[in-house]
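Following: one structure in structure tokens, then a few remarks.
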Amino acid sequence: MPLITFVELPIPHVDGLQEGAEATVDLDIPNHDYLKIAFDLLRDPFRRFITVHSPDWIIHDMLNNWTAEIAQELGLPFVVFSVFSAGVLAFIGLGEPEGGPKKHWPNSPQALMSPPPWIQFPSKLALLPHEANSLYQALYLPNESGLSDIQRFGQAIRGCQAIAIRTCPEYERVYLDVLNKHPKPIIPVGLLPPEKREAAVEGEWVEIFRWLDEKAARSVVFVGFGSECKLSRNEIYEIAHGLELSNLNFIWALRKPKWASDDGSDALPPGFESRTTGRGVVNMGWAPQMEILAHHAIGGSLFHSGWGSLIETVQYGNALVVLPFINDQGFNARLAVEKGLAIEVERDEDGAFHRDAIARALKRAMVEEEGEHLRCRSREMMAIFSDQQLHHRYLSGFVDFLKTFKTK
């Protein structure tokens, strides 16, 4: 009998929502609001399901404000689970303030460009101007669904029995201390790192790994920006030119952009692949990321600093070069820099970045003495991030909380 049973609640049709879109990865950022509208229409189907099955607990994420309302209506205990780091939650103040709506909300994007007053220790947690403008609009202003995301967060948290966070004190102790001033129990459930595995590579990756085998230890940069970041032609071209200027070996897992031709021939600058033959590989299909990161030739990673990707990457003790784009990535990047794990690519005030900045950051991480300090610090953190027993203990503590609370 499976430990987990998945139940499908089909996404309703909403005008403006792309056919077949069921997650943010399917959409450009301006269209995310339509997904929230469709998601809100699942309230009644979810309520009917919960009424029939009457679970011991409901665990939901921070955008599910109506899940909390249903749990309270039915007298069921519920926990808010955050896929964001403790640092992010500490910065935004855990949603709607206790003193009433909007009492302590920032009144402009500029307020997000420095740590809030309740973080009373030196901290790099702050947003760059372009990030602050984007996050202020996304988080604090009402969207097409009729609510702002910060209102959703506040409603999701109100009435919950605890807030569970994907983190651990060994990495974010000072930010957990800030959160522990909240009246709700704060429970770190561990970093939940994926287990390292030995998997056979197939297809074209067999040849790519032979190429990797021939490279010196820690001489190759792994480049990947995931599926949520929809990079423009100029952004991809600047990254490519930066890799070329760095003269470093690299593997780039590049999801073919929507603006590219069917064969992907224009997804990279003209002549780029021929000019980097022998020291660079670009693959536009699925990439065995864990196996790549584990290879002895990989010495650094250039990526967006998404929380899940950061957790996965630090397990391998490489130098990190971070180039954040969306959501919480800027916070994660600053925290990684604060911890001595990463170098962040420099940007202009409007958020633009250039090939020279890419090349400069890569050389600092891979060639210069600074990179060895990064790898040394990363190896220290690797012992924490890859400690499955440590994170299982935190997860077991969360389970114990659920059992103990239920028997009260």
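General observations
- The H on the amide N of S85, modeled in the peptide plane, is under 5 Å from the matching H of no residue at least 5 residues off or on a different chain.
- Our note on the geometry: Cα centres of the range 176-246 and the range 39-62, 34 Å apart.
- Structure note, pairs K36/K124; K230/K256; K215/K256: Cα-Cα distances above 21 angstrom occur for K36/K124; K215/K256.
- The shape of the chain comes out prolate: with a ≥ b ≥ c from the C-alpha gyration tensor, a/c is at least 1.5 and a/b beats b/c.
- Hz values of 3J(HN,Hα) by residue in the range 172-178 - Karplus curve (6.51, -1.76, 1.60), Gly and Pro given as x: 10, 4, 5, 7, 5, 4, 4
- Here's the list of aspartates and glutamates a cross-link from K339 could span, going by alpha-carbon distance under 12 Å and ignoring same-chain residues fewer than 8 apart: E170, E172, E380.
- Annotation: extensible slack from C376 through F6 equals 129.0 nm (criterion: 0.36 nm per residue apart, minus Cα-Cα distance).
- Entry note, the range 204-385: relative contact order of 25 percent, from Cα contacts under 8 Å with a spacing of 6+ residues.
- In the range 120-187, the trypsin sites (Lys or Arg not before Pro) that fall in loop regions by DSSP, at most 11 other Cβ within 10 Å: K181
- For the chain: relative contact order, % (alpha-carbon pairs under 8 angstrom, 6 or more apart): 16 percent
- Cα-based shape type of the range 15-143, given that a ≥ b ≥ c are square roots of the gyration tensor eigenvalues and the cut on a/c is 1.5: oblate
- By the beta-carbon count within 10 Å of each Cβ, the least crowded to most crowded order of F272, F6, F81, fewest first, is F6, F272, F81.
- Sites F49 and D400, calculated FRET efficiency, Cβ-Cβ separation with R0 30 Å, nearest 0.05: 0.65
- With the charge dipole of the range 204-385 set up from +1 on Lys and Arg Cβ and -1 on Asp and Glu Cβ about the Cα centre, the Cα lying farthest toward the positive end among the listed residues P270, V281, Q329 is that of V281.
- Each of W105, W118 was scored by other Cβ atoms within 10 Å of its Cβ. Arranged with the fewest first, they read W118, W105.
- Amide hydrogen proximity for A164: with H placed 1.01 Å from N in the peptide plane, the residues at 5 or more positions away or on another chain lying under 5 Å are V80, F81, S82, I187.
Where a number appears in this text, it was derived from the coordinates with a stated rule and is not lab data. Note that the structure is predicted; figures quoted are calculated from it, not measured. Neighbour counts are summed over all protein chains in view; Cβ atoms, including those assigned to glycine, are modelled from backbone coordinates with ideal geometry.
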